[in-house]
Amino acid sequence: MQLLKALTLFAIATLGQAFTVKDVHFAFPDTNERGIMVGTINSNSDKLERPIRLDTLDQTIELNFASDARLSQATLLLGLPDIGLEQAIQATLTENQGLLLYRFRIPVNQLSQKLLHAAVNEGKLLTGSVVLAESSDGILSTLFDLELDVNETVAYTKPDRFEAKPEIYHVFRPEPQTVSWAFAQIFSFAIVVATLGLVISWMSAGALTFGSVPHGLNFIYFLAFIGSVMGFEFIFASYYTGTSIFDTLKHAFLLSIPALLLSTKFLRSFGKELH
C-alpha cells in the first residue's frame, strides 16, 4: 500500500514537472470573430471539444503560445493523420521582454489541394497537432479539428507521380555500316583528280606511250604498281559498302607492304626513262 502511494506521488510530481507552453490561443485576424483561449498545454492536453468551423477559404487561422525556453522544434501538423496525409507548418518566433512568443499562421486557401478537396468536397475534418521540443523534453498533442463548411468546391488533379507512367520504348539507332557519303565523295574526287593529273603528266613528258611499256622484270613491277592502286581502290570501295574500319585498316596495311616495295622499284626504273 505504501509502495502504491509512493508511486502515485512520484507520477504526480513527474507530471507536474512535464514540459508545458502557456498562453495558447487561436486568433482569426481576417474576421471580427473572437479568438479561442486554450491556456496551458502539454502532451496530456485534450483536444478542443468542438471543431473550428470556417465558412470561407479566404481566412487565416493563427495559433499563438509562449514558452519560457527556446524550442528546437515548433511544428504544426494539419491534415488527415489516419491516412498519413498531413501538411507541416513551421512557427515564427518573436522575443518580447524576455518572453518567447511563437505563432503558427494557417492561410486556409494556401493549404494543399488534396487537403482542401478532402475537407470541402468530402466533408472531412482536418486535424491539427503540435510537435514542440526543447533540449530535453517535448510535446506531441492533438489540439483541434478544422471544419470547412463552404459553398464551393475545390478542384483536384491527381499528380502523375501517384500513377504508373507509360512504359518507355526506345529504339537505339544502329551503328553506321558505311562511311559518310560526303567524305566518300570528296575522297573519290581527290583520287580521280590525282590519277588524271598523274596520267597527264606522264603523257606530257612522253613517258606514257605504247612504245614505252616496260619490258622484262620492269613489266612485273609495272603490273604490281597498277595492281596495288586497284587494290587500294577495292579496299576503299569495300569500306564504303560495309566493311568495318578495323578490317579496312588491316587489309590496307597488308597490301601496303608489297605495294611499297614493288611500286618503288617500278617508279625508280620508270624515272630513269623520263630522264
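Derivation of every value follows stated rules applied to the coordinates shown; laboratory data play no part. Please read all numbers here as calculations on a predicted model, not as lab measurements. When we count neighbours, we look across all protein chains shown, and the Cβ atoms used for this are built from the backbone with ideal geometry, even at glycine.
A Cα-only calculation for region 20-152 places Rg and Dmax at 14.6, 46 Å. For region 20-152, the dipole from Cβ point charges (+1 on Lys and Arg, -1 on Asp and Glu) about the Cα centre works out to 200 debye, to the nearest 20. For region 132-172, a crude dipole built from +1 on the beta carbon of Lys and Arg and -1 on the beta carbon of Asp and Glu, taken about the Cα centre, is about 380 debye to the nearest 20.
Of the cross-linked pairs 124/165; 47/114; 47/124, those separated by over 19 Å at the C-alpha level are 124/165; 47/114. Kindly list the residues of region 232-248 that lie in the label zone of residue 175, defined by a backbone N under 13 Å from the point 7 Å along the Cα-to-C-beta vector. Residues passing the 13 Å test: 243-248.
The slack between residue 62 and residue 40, meaning 0.36 nm per residue of separation minus the straight C-alpha distance, is 6.3 nm. Sequentially through region 40-53, phi angles give Karplus couplings (6.51, -1.76, 1.60; θ = phi - 60°) of 9, 10, 9, 5, 9, 5, 8, 6, 4, 5, 10, x, 6, 10 Hz, Gly and Pro residues having no value and appearing as x. What FRET efficiency do you get for residue 189 and residue 249 if R0 is 25 Å and r is their Cβ-Cβ distance, rounded to the nearest 0.05? Here the calculated transfer efficiency is 0.65.
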